[in-house]
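To keep things clear, I will list the structure first and then write my remarks on it.
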Amino acid sequence: MRHIALILLVLAACGPKPKPAPLATLPGDGDQNVAKPPQDVKPTANDPWAGKADLITSPAPKPPAAIELPAMESFKLANGLQVFVIKSDRLPVVSMQLAIKAGRMHEPRARLGVAEFTAEMLVKGTKRRDAVALAKAIDFVGGTIAADSTFEATLLSCSVLSRNLGTCLELVPEMLTQPSFPESELLKVREQMLGRVRQRLDDAGQLASAHVQNLLWGPEHVRGWINNEQSVAAIKREDLVAWHKNWFVPGNSMLVVAGDVDTKTLKTKLETAFGVWKKGPVPPTPQYKEVGLSGSRIRLVDKPGQTQTHIRVAQFGIKHEDPRFFDSLVWNYVLGGGAFSSRLMKVVRVDGGKTYGASSSFDRNLDKGSFVAQTFTRNSEAVATTKLLLAEISRMAKEGPNETEVASAIANIAGGYGLRFQAAADVGAALIGAELHGFGREYLTNYPIAVGKVDVESAKRAAAEILDPRSYVIVMVGDAKDLEPQLQKAGWKYQKVSFTDPISPPVEVPETPIDPKQAEAAKKIVDEAIAAKGGKAKLAAIKGFKMVASGSTTIGGQTVPVEIERVLVLPDKMRIDATLAARVKVIVAVDGRKGWQLAPDQTGQKIQLTEIGAADFASIDFERWREPELILLRASDPAARLQSAPDETIDGKPHSVVKLRAPNGIDVAVYIDKKSKLITRMKYAEGASEELDQFSNFKDVNGIKIAHTRQSGGQGRETKLELKTVEIDPKIDAKLFEKPATKE
Amino acid sequence: MRRLATLATLVAIATLAAAQPAPAPTKTPAPTKTPAPTAPAPAKAAGSKAISKLPTIEMFELSNGLKVAVLESAAAPVVAVQVWYRAGAKDEPRNRRGSAHMFEHMMFKGTKHVRAEAHAQYVNGIGGYVNAQTDEDATHYINTLPADYLDFAIKLEAERMRNLLFRPEMIATEREVVKEEIRQQENSPIAKGFLRFLEVAFTKHPYAWTAGGNIKDLDATASEDLKKFYEAYYQPNNALLVVVGKTTAAAVKASAEKYFGTIAKAPEPPRPAAQAQEPEQKAKRREVVEAGQIGLLLVGFHIPPAKHKDIYALQVASIILGAGESSRLKLRLKAIDPKTKKPTALDGGMEAVVREDPGMVIGLGAYLDPAQGDAIEGAIFDEVTKLGTKGPSPDELRKAKNQVQSGFVFSLENAQGLAQAIGRSWILTGDASAFMRDVDEIEKVSAAEVQRVVKKYMTPENATVVVIPPKGAPAPKGAPAPKPVPADKKPAPADKKPAPAPEKAPVKGGN
């Protein structure tokens, strides 16, 4: 399938036709170039450094000491926003970093990704400026604005030269408080999120990391939920609006301004800039049941063609506030966090030659997170390498780190801590990280001292309590045909899945429930509109109609006069005869699931008879459903999800608004004049474009009010029509819908 | 993956952070990213009016030819100590691709006076960070550590410049490590596609391959090859010692002379790339390679080497075309296609990959819909043509210069990054402080200059196009079918609109 698509692509390529390109490979690709695994290399009997007196020795590390950080100010704005200011005038730069405590951990199951989606949309349009205007504003001064979400928070940051602080002060509150979530940008972000989900299929490392979280936490815990194409598609604009409204309140957020700032005037400027941000209640954080782990589970994720296997071994970790946190930093450094100073690197890479990288880490979160050891290796070494990981975890649990290792870990973590704070923005980011977990500035300055308090005993005890050599989960992502024999030989039981399977099961996506008050209000509006139009009985009795209209249509700036005759016979027969510019005749006819069209061909000279394809019927069905004379009757169908929307004033006239959902998923807004109770417009968004239909000049036809002046437009098209005659339930010759025998 | 494969990712694939993968995800206290402002290749980001006084780089040279660059910066008690060797993948024999990078690994495997792995362990043990990186033009060794240990870091670097041991079992094991590093590329269609792109673009010059090389050549690389490379290139007259941070030029000079001073000067090393100049490309090249989950379309144009006077204007051109969300390519590629009602591409951009020998400016688009490939390719060429024909607007020109200025100022924040900028400047131009003047040079670039270089270099005849197509939507398997997407075309029959049938819409045809 893939090859066909590729060949088609090659054939379709524009420009001089290339020879069909052979699928490119790198010399040296594939298994034939995999060297035999190195024999177990014993340490050389001949140790070239043994007994040498002139080896270079390392200076002693300094004892752990508090680090110096720039002066900080902290205050709250009138709306409750917590602000920290870190002044550093070393370089004329400044960064604003705003954290909102809304992240993946707060998401509902049926809306995975809403935090990330909302974050990305913040920079894509406000009530004042569209995405391009926002981008131009920040690009012009050479600054950057970024919005991301993490497991625990959403972060909006703005970095500029200090002379452009005003740009951040203008843009950040605007993005924060008035995002407009435009449909066209929603589409782009959704595509990008979809792209990231798809990309995971090409990245065994990402697959492994996602699978291991799902395997460890299971289906009832937020950490076990992994997004997929369906979950990306499930997020609608209303979800983003709701998420933003609920979570983005000053009391749930904090702001750090770091760099070259004038502290005397900054507070006033912030008050002014962020004053528009209204207080609101902070929603409760969802709670999850503790998950237990006993025994071990192995999941083999089959990705045919992988020449490397990505391996994860995971257990539960600790909370950030756990008293064993600093002890864990130390034992984890020794185990796998300390790169070349770690046991995993030594055993798996340096001595074993099995990998380029082996490491371990544990999450630093408010709630208990995970502990993961990871590596990757050529397929033939998968089980052997996993055994090495397990052996080292077990050894750490049983023996803990030794004195030398602990000293080295403390020296690195404490001694190197200050290296992280070169840029003022680094200090700001670290402060946010601390504050999010209830720690303050002192946590940062005293961090090295806290590390220094760890000793062999406390590290050993912590490792023994936290690491469990018997209970863990393992994920291997690789080619099953290479891995299964190894697993079977080792006697390991495993569950096998395909890399294309969703990682956490797809979820029945419940619709956001309709507010019963809105449904009630909408029903009332619709009933009144039906009555005003002619009454339910009359409308339901309509079997068809014939309309003759004349007007004009404008496309690409060109206006063309048009005469139209349209015949509709319910439920599914329709024919339109149109004359454009008084000379071009077009006929379209639909009968059930068949249809044909008579229209000029590309040259404009010949009339061509064509079939209407199956793909076009989706659009035809939507048009049928939206028929202005009948749309009010759709409202009583529960699938239409009738609900009211805020009133609007159009051309000075107050209107009620109701929303209906068509079978194809598109929401249509219907605007009903409060006085006349007649529909004056309908609006819907298809993809990125908005279509608007307007109705006026209502006249009575057989007791039914029908709009005789109609206008519709969108996407650069505009059509205006005046109805000349309207017949309800006319006699129609069935032959009208039959496909003509010959081309005319 | 937070960002789609951008050019930065691709270039990172090409230049391997070799000795050590990214530090283990210790989930640092900072959930935010330190912002990465848009800026051209670091060597060309430079001094600015945004700061009143540029930092100074003190330069001196030892009698054995070792150059030393020092930038005193008392911000944090940190010092970045790096040694840059003018030795990269372009110095490799064509049947030993990957050997420069493999050699880089050997630099950690023990010297006469330092046990295997001890260099890294020592530096870690005093609170420092160690790594190394090999690219096409250079290999550089990174030590970032508390400022107190400057002397020790210089001692370690001098030690391994000339005292490396070559032990067969070390080589055998490390070869396997390096192969695993490279093997990652085998499993990534985008990595493979980019590597193929370079092969198509460069028919003679070693830029056809990257520092990673390939597994077959690595298997063939023996101890003798590595020793030969070491003897030729790892010499004081082929290296630059860079120190940035809380120190003084005097202290650096003292340590440099003490430890490097005893090393003898060597003959100038061979430069095989000088005999392998890439001939002028006369016709467009195009290839379609294996598909990936995300498609990537690359359009590259050959540009002159870093020292050439046209490079500044080319950088401005590539910024205008592809740096920042309001750049021309990003706006064009991410705009909604009225036919499909979806964006043409997921993302796009352009970057000038400036090298010591002639490099490339590369435009790209990432996409999910296989049918959009032609549109993306067309859009890239079209935007290039437009810029060449009409030039940039005054606002765009000013914006690009502001971006460069801002990027330079931000680059001064971090000792390690700044040291790398200095090293890169030396590799590209022979002058370690050249990049400090670049903002002023960029400021001089006129709209006419931008037009001229676009017309001169970014032509179809000079273009290499490689398409990594996207695989397209996977067939649904068991999952509930996605909501039906409304038909992407047509005004459908209705009393208000003229006849449907989009492509053959009579009105369109008639008009």
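Which residues of the stretch B:373-417 bury at least 40 Å² of accessible area once all protein chains are present, versus their chain alone (1.4 Å probe)?
At a threshold of 40 Å² (probe 1.4 Å), the residues of the stretch B:373-417 that become less exposed are B:Asp374, B:Lys399, B:Asn402, B:Ser406, B:Val409, B:Phe410, B:Glu413.
Taking a point 7 angstrom from the Cα of B:Thr248 along the C-beta vector, which residues in the stretch B:74-117 have backbone N less than 14 Å away?
Flagged as within label range: B:74.
For labels at A:Lys699 and A:Gln82 in the simple 7 Å Cα→Cβ model, what's the distance in nm?
It works out to 6.9 nm between the two label points.
When you look at the Cβ of every residue in A:338-344, what mean number of other chain Cβ atoms sits within 10 Å?
Numbers: counts 7, 12, 12, 8, 2, 0, 1.
If you average over the peptide's residues, the count of other-chain Cβ atoms is 6.
Sort B:Met170, A:Met175 from largest to smallest accessible area, using a 1.4 Å probe on the heavy atoms of the protein chains.
B:Met170, A:Met175
Binning at 5 Å from 0, report for the stretch A:61-158 what percent of all alpha-carbon pair distances ends up in each bin.
Here the calculated profile for the stretch A:61-158 is 2, 10, 14, 16, 17, 17, 12, 6, 3, 2, 1, 0.
Work out, step by step, the length gained on full extension between A:Ala53 and A:Ala490: first 0.36 nm times the residue separation, then minus their alpha carbon distance; give nm to one decimal.
152.7 nm
Which translational diffusion coefficient, to the nearest whole µm²/s, is obtained for the stretch A:617-673 from the Stokes-Einstein equation, given a Kirkwood hydrodynamic radius over C-alpha pairs, 37 °C and 0.692 mPa s?
In µm²/s, the coefficient is 274.
Calculate the mean, over all residues of peptide A:356-365, of how many other protein chain Cβ atoms lie within 10 angstrom of the residue's Cβ.
For peptide A:356-365, the averaged partner shielding equals 5.
Given a 1.4 angstrom probe, what's the average accessible area per residue across the protein assembly as shown, in square angstrom?
39 Å²
How much of the calculated P(r) for the stretch B:280-350 lies past 15 Å, in percent of all Cα pairs?
67 percent
Rounded to the nearest Å, what's the spacing between the alpha carbon centres of the stretch A:194-211 and the stretch B:434-476? Just the number, please.
Using only Cα atoms, the two centres lie 30 Å from each other.
Find the sum over both chains of the accessible area lost when B and A are paired, probe 1.4 Å, and report it in Å² to the nearest 100.
The summed interface area works out to 13700 Å².
Ordering A:Asp577, A:Asp651 by how much accessible area each has at a 1.4 Å probe, largest first, what is the list?
A:Asp651, A:Asp577
Divide by every residue of chain A the summed helix terms, -39500 (n - 2.57) for each DSSP H run of at least 4, and state the resulting mean residue ellipticity at 222 nm, rounded to the nearest 500 deg cm²/dmol.
The helix contribution divided over chain A gives -9000 deg cm²/dmol.
Where Rh denotes the Kirkwood radius from the mean inverse Cα pair distance, what is Rg over Rh for the stretch B:400-446?
Values: Rg = 10.9 Å, Rh = 11.0 Å.
Computed over Cα atoms, the ratio is 0.99.
Pull up all non-local amide H partners of A:Glu690: gap of 5 or more, or a different chain, and H-to-H distance under 5 Å with H placed in the peptide plane.
When sequence neighbours closer than 5 places are left aside, the close amide H contacts are A:Gln715.
Rounded to the nearest Å, what's the spacing between the alpha carbon centres of the stretch A:327-355 and the stretch B:63-114? Just the number, please.
That distance is 24 Å.
Between the stretch B:329-366 and the stretch A:542-564, what's the alpha-carbon centroid distance in Å?
So the separation of the two Cα centres works out to 41 Å.
What is the Rg over Rh value, at two decimals, for the stretch A:518-663, using alpha-carbon atoms and the Kirkwood definition of Rh? Numbers along the way, then the final one.
Values: Rg = 18.5 Å, Rh = 17.9 Å.
Rg divided by Rh gives 1.04.
Using a 1.4 Å probe, how large is the accessible area of A:Glu191, given in Å² and rounded to the nearest 10?
30 Å²
Please give the residues from the stretch A:706-730 for which the solvent-accessible area of heavy atoms, probe 1.4 Å, is smaller by at least 20 Å² with all protein chains in place than with the chain isolated.
Checking the loss per residue gives A:Arg710, A:Ser712, A:Gln715, A:Arg717, A:Thr719, A:Leu721.
Hey, any idea what % of the stretch B:325-475's accessible area is carbon plus sulfur with a 1.4 Å probe?
The nonpolar share, carbon plus sulfur, comes to 55 percent.
What shape does the stretch B:174-224 have by the C-alpha gyration tensor, where a ≥ b ≥ c are the square roots of the eigenvalues, rounded means a/c under 1.5, and otherwise prolate means a/b greater than b/c and oblate the rest?
The shape class here is oblate.
Along each of its three principal axes, how wide is the spread of alpha-carbon positions in the stretch A:552-633, in whole angstrom units, largest first?
Result, largest extent first: 39, 25, 21 Å.
Roughly how many percent of the accessible protein surface of chain A is carbon and sulfur, given a 1.4 Å probe and a whole-percent answer?
54 percent
Take the alpha carbon gyration tensor of the protein assembly as shown, find the square roots of its eigenvalues, order them as a ≥ b ≥ c, and report rounded if a/c is under 1.5; if not, report prolate when a/b exceeds b/c, else oblate. Spell out each step's value before the answer.
Details: a/c = 1.88, a/b = 1.71, b/c = 1.10.
Prolate, because a/c is 1.5 or more and a/b exceeds b/c.
Please compute the length gained on full extension between A:Ala60 and A:Lys735, using 0.36 nm multiplied by the number of residues separating them and subtracting their Cα-Cα distance.
233.1 nm
Can you give the charge dipole size of chain A about its Cα centre, rounded to the nearest 20 debye, using +1 on the beta carbon of Lys and Arg and -1 on the beta carbon of Asp and Glu?
Values: 99 positive and 89 negative charges, 210 e Å.
About 1020 debye.
Could you work out the mean count of beta carbons from other protein chains within 10 Å of each residue's beta carbon in A:675-685?
Mean partner shielding for this stretch: 0.
What list of whole percents do you get for P(r) of the stretch A:291-332, with Cα-Cα distances grouped in 10 Å bins up to the one holding the largest distance?
19, 33, 30, 17, 2
If I model a spin label at B:Ala232 and A:Phe75 as a point 7 Å from the Cα along the Cα→Cβ vector, what separation in nanometres do I get?
Once both label points are built, they end up 6.6 nm from each other.
Quick check on my link table: of B:Lys109/B:Lys155; A:Lys387/A:Lys493; A:Lys543/A:Lys735; B:Lys399/B:Lys444; A:Lys269/B:Lys401; B:Lys155/B:Lys258, which ones sit more than 19 Å apart, alpha carbon to alpha carbon?
Pairs exceeding 19 Å: A:Lys269/B:Lys401.
Grab the beta carbon distance between A:Ala645 and A:Lys278, set R0 = 22 Å, and tell me the FRET efficiency rounded to 0.05.
Values: r = 22 Å, r/R0 = 1.01.
Approximately 0.50, to the nearest 0.05.
Please compute P(r) over all alpha-carbon pairs of chain A, binned at 20 Å starting from zero, and give each bin as a whole-number percent.
All Cα pairs, binned at 20 Å, distribute as 13, 34, 32, 17, 4, 0 percent.
Over 22 Å apart: what share of the alpha carbon pairs of the stretch B:184-279 falls there, rounded to a whole percent?
Values: 2529 of 4560 pairs.
Considering the stretch B:184-279, 55 percent of its Cα-Cα pairs are separated by more than 22 Å.
Please report, as a whole percent, how much of the solvent-accessible surface of the stretch B:82-227 comes from carbon and sulfur atoms (probe radius 1.4 Å).
The value for the stretch B:82-227 is 50 percent carbon and sulfur by accessible area.
Rounded to whole Å and sorted largest first, list the principal axis extents of the Cα atoms in the stretch B:110-165.
On the principal axes, the stretch B:110-165 reaches 32, 23, 17 Å in Cα extent.
The values are calculated or read from the model by the stated rules, or taken from the named source; none is laboratory data. Not measured: the values here are computed from a predicted model. FYI the Cβ positions are ideal-geometry reconstructions off the backbone, even for glycines, and counts take in every protein chain you see. Surface accessibility is based on the protein's heavy atoms, side chains included, excluding ligands, DNA and RNA. Shrake-Rupley method; radii C 1.70, N 1.55, O 1.52, S 1.80 Å.
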